[in-house]
1. For segment 1-123, take N as its residue count and report Rg(C-alpha) divided by 2.2 N^0.38 Å.
2. Tell me whether segment 150-252 comes out rounded, prolate or oblate; compute the Cα gyration tensor, take square roots of the eigenvalues as a ≥ b ≥ c, and use a/c under 1.5 as the rounded threshold.
3. Compare the peptides 84-92, 64-72 by average per-residue count of other Cβ atoms within 10 angstrom and give them in order, highest first.
4. Cα centroids of segment 130-206 and segment 64-86: how far apart, whole angstrom?
5. Check every DSSP H run in the chain and write down those whose alpha carbon atoms cover 15 angstrom or more along the long axis and whose mean Kyte-Doolittle hydropathy is -0.5 or greater.
6. Treating the beta-carbon of each Lys and Arg as +1 and of each Asp and Glu as -1, no other charges, what is the dipole magnitude of the chain about its Cα centre, to the nearest 20 debye?
7. State whether segment 42-182 is rounded, prolate or oblate according to the following rule on the C-alpha gyration tensor (a ≥ b ≥ c being the square roots of its eigenvalues): a/c under 1.5 gives rounded; otherwise a/b larger than b/c gives prolate, and the remaining case gives oblate.
8. Could you please state how large a percent of the accessible area of the chain is carbon and sulfur, counting protein chains only and using a 1.4 Å probe?
Amino acid sequence: MKPLVIYDADCPACATYTKSFVSLGMLPPEARQSNQMVRDQRIIDRLDPERMRHELPLVDLEGPEVRYGVDALLTVIGFRFPRFARLVQRTFLYGWAKKLYAFVSYNRRIVIPTEPERWQLLDFAPRFHLGYRLILIGLLLSIIGLAHWLITDTLGATTLLPLAGVLLAGGIAVHQTSTSDRFPHWLDYVGHVSVSIFAGVIIKAVGLMTGLPFLSLVGDAVMVWQLIVRLRVMILPLWLVMPFVLLILLNR
């Protein structure tokens, strides 16, 4: 097999782990290309236009086979660690790996935002998946709620009502700026808000555990900064920062 791994150039995590394959000697440098660099129409024609959005493609340049996602990763890992790759493929780990991979892949541009989409010959932007988006939001909000309760020993109206206001304001903004797919766009907004809060809560928790109170202010600043970045990515109005700041101030 002569492999060619094609990764999403707008996914920092994808770029990092595929680069680590080269650093660890699993792939030669020329066997790794971003979707922006692939120009060979013969390779493009071999790719599944839907699967390539959600699963890393590995093209065999010497044969007809194209592997995707977990199968592609295990193929590359198997070049260096064949026993480990076979272990995953033959056990329950394979099914778990595919579910975890799909969860991360469908949510990757919510966890790490990218600039508004531009036309690309190979478009690797993931589709919206309701189930995986709801799991991400539920997981993040559960962790945030638990952390807030542990830090402040309370989780009442001063938290839940302002948060509801932030989410409602986002729904209004999405309704005003979108002409279609409003519910998916609103859930994207909720996901971005959840990740923004989660990032700040982690910093605040570290400050509490280490006895560094200034990290509480840093955590608040990170939340606001993250939300501003994500509003720009979603092309939503910056006035949405105001109810978000109110949420932060009421929970200090």
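The values are calculated or read from the model by the stated rules, or taken from the named source; none is laboratory data. Computed from a predicted model, the values in this text were never measured in an experiment. Please note: Cβ atoms are built from the backbone with ideal geometry, for glycine as well, and neighbour counts cover all protein chains shown. The area values use the complete protein model at the heavy-atom level, side chains included, leaving out ligands, DNA and RNA. Shrake-Rupley method; radii C 1.70, N 1.55, O 1.52, S 1.80 Å.
1. Details: Rg = 14.2 Å, N = 123, 2.2 N^0.38 = 13.7 Å.
My calculation over the Cα atoms of segment 1-123 gives 1.04.
2. On the way: a/c = 2.55, a/b = 1.89, b/c = 1.35.
Prolate.
3. Values: 84-92: 13.1, 64-72: 17.3.
So the peptides 84-92, 64-72, ranked by packing, come out 64-72, 84-92.
4. Measuring centre to centre over Cα atoms gives 37 Å.
5. Working: long enough: 12-23 (16 Å, 0.28); 69-80 (18 Å, 1.30); 93-111 (26 Å, 0.03); 130-152 (32 Å, 1.83); 157-177 (29 Å, 1.31); 182-210 (42 Å, 0.95); 214-234 (30 Å, 1.48).
Helices meeting the span and hydropathy rule in the chain are 12-23, 69-80, 93-111, 130-152, 157-177, 182-210, 214-234.
6. Numbers: 25 positive and 19 negative charges, 91 e Å.
So the dipole magnitude of the chain works out to roughly 440 debye.
7. oblate
8. Numbers: 9250 of 13830 Å².
Answer for the chain: carbon and sulfur cover 67 percent of the accessible area.
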